[in-house]
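Asker: I'd like to ask you about the structure that follows.
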Amino acid sequence: AQTVTQSQPEMSVQEAETVTLSCTYDTSESDYYLFWYKQPPSRQMILVIRQEAYKQQNATENRFSVNFQKAAKSFSLKISDSQLGDAAMYFCAYRSAYFGNEKLTFGTGTRLTIIP
Amino acid sequence: GAGVSQSPRYKVAKRGQDVALRCDPISGHVSLFWYQQALGQGPEFLTYFQNEAQLDKSGLPSDRFFAERPEGSVSTLKIQRTQQEDSAVYLCASSFGTSGDSPLHFGNGTRLTVT
């Protein structure tokens, strides 16, 4: 079974600064997808960024980028130029690429606070 | 509607009551998932449908939990004889495809409180 670990329950960052959220995972599979989701108080999970395990290049979406280290099973999220609207719970998630194992496995989350 | 719709948004049940939570996925989406999110935790997988077929129910915590999607569209999660430990947010998600690269779209969840 796959597991996802987020070791930082809470993080804070000054507005306009950069912050990195950590995530490690454990799997015996070679092909999978990794995600970062944002959950504001509205409770809706919003996809922030996605990484395919077979791609060496780190994914980037505007101010959000990842550092994917497949051998180390590490998948951190970097948020640049932090904005007040970035404040939320952030969840790292794993999804197998193999048929019959379609579920997302989530970490326990990191609460991000933006300091004005 | 444009997104995944869940109802009710809030539900309060007395211990021992039965509840039914509804999920309207995005039209045409084949895959549908239910997750349970306890306070301060990440979502935990409950069950997965591909059209009307329930392909994975390994996450259902007990036989009090039952899910259905009879016509491959709307899904209902039913909890019988609710217990206090069932208090959580129940999230529904759907995707167009069945493979791992098909993006999941989440609803706003139903917050269940069992008193």
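No value in this document is a laboratory result; all are computed from the given coordinates. Everything numeric here is computed off the predicted structure, so don't read it as measured data. A quick note on method: Cβ atoms are made from the backbone with ideal geometry, for glycine too, and the neighbour counts reach across all protein chains shown.
Asker: Students often forget the sequence filter, so: which lysines lie under 21 Å Cα-Cα from B:K11 once same-chain residues fewer than 8 apart are removed?
Answerer: Within reach: B:K78.
Asker: What's the average, rounded to a whole number, of partner chain beta-carbon atoms within 10 Å of each residue's beta-carbon in A:37-46?
Answerer: That average works out to 5.
Asker: What GluC sites (Glu not before Pro) does the stretch B:1-110 have in DSSP loop regions with at most 14 other beta carbons within 10 Å?
Answerer: For GluC sites (Glu not before Pro) across the stretch B:1-110 that sit outside H, G, I, E and B with at most 14 neighbouring Cβ atoms in 10 Å, the list reads B:E52, B:E71.
Asker: Whole angstrom only: what separates the Cα centroid of the stretch A:1-77 from the Cα centroid of the stretch B:22-42?
Answerer: The stretch A:1-77 and the stretch B:22-42 have Cα centres separated by 20 Å.
Asker: For peptide B:13-22, compute the average count of partner chain beta-carbon atoms within 10 Å of each residue's beta-carbon.
Answerer: What the average comes to for B:13-22 is 0.
Asker: Across peptide B:47-59, how many C-beta atoms of other chains are within 10 Å of each residue C-beta, on average?
Answerer: The per-residue average across the peptide is 1.
Asker: I've got another one for you. Among residues other than B:Q17 whose Cβ falls under 13 Å from its Cβ, what is the net charge (Lys/Arg +1, Asp/Glu -1)?
Answerer: +4
Asker: What's the whole-number percent of alpha carbon pairs in the stretch B:51-93 lying beyond 16 angstrom?
Answerer: Percent of Cα pairs beyond 16 Å in the stretch B:51-93: 41.
Asker: Please go through the stretch A:23-116 and write out the GluC sites (Glu not before Pro) that DSSP classes as loop and that have at most 15 other C-beta atoms within 10 Å.
Answerer: A:E29
Asker: Working from the alpha-carbon coordinates of the stretch A:28-90, get Rg over Rh, Rh being the Kirkwood radius.
Answerer: 1.00
Asker: If you take the charge dipole of the protein assembly as shown about its Cα centre, with +1 on Lys and Arg Cβ and -1 on Asp and Glu Cβ, which of A:T5, B:A67, A:Y33 is farthest toward its positive end?
Answerer: B:A67
Asker: Any chance you could list the semi-axes, whole Å, largest first, of the equivalent ellipsoid that the Cα gyration tensor gives for the stretch B:4-115, using √(5λ)?
Answerer: Sorted largest first and rounded, they come to 23, 14, 13 Å.
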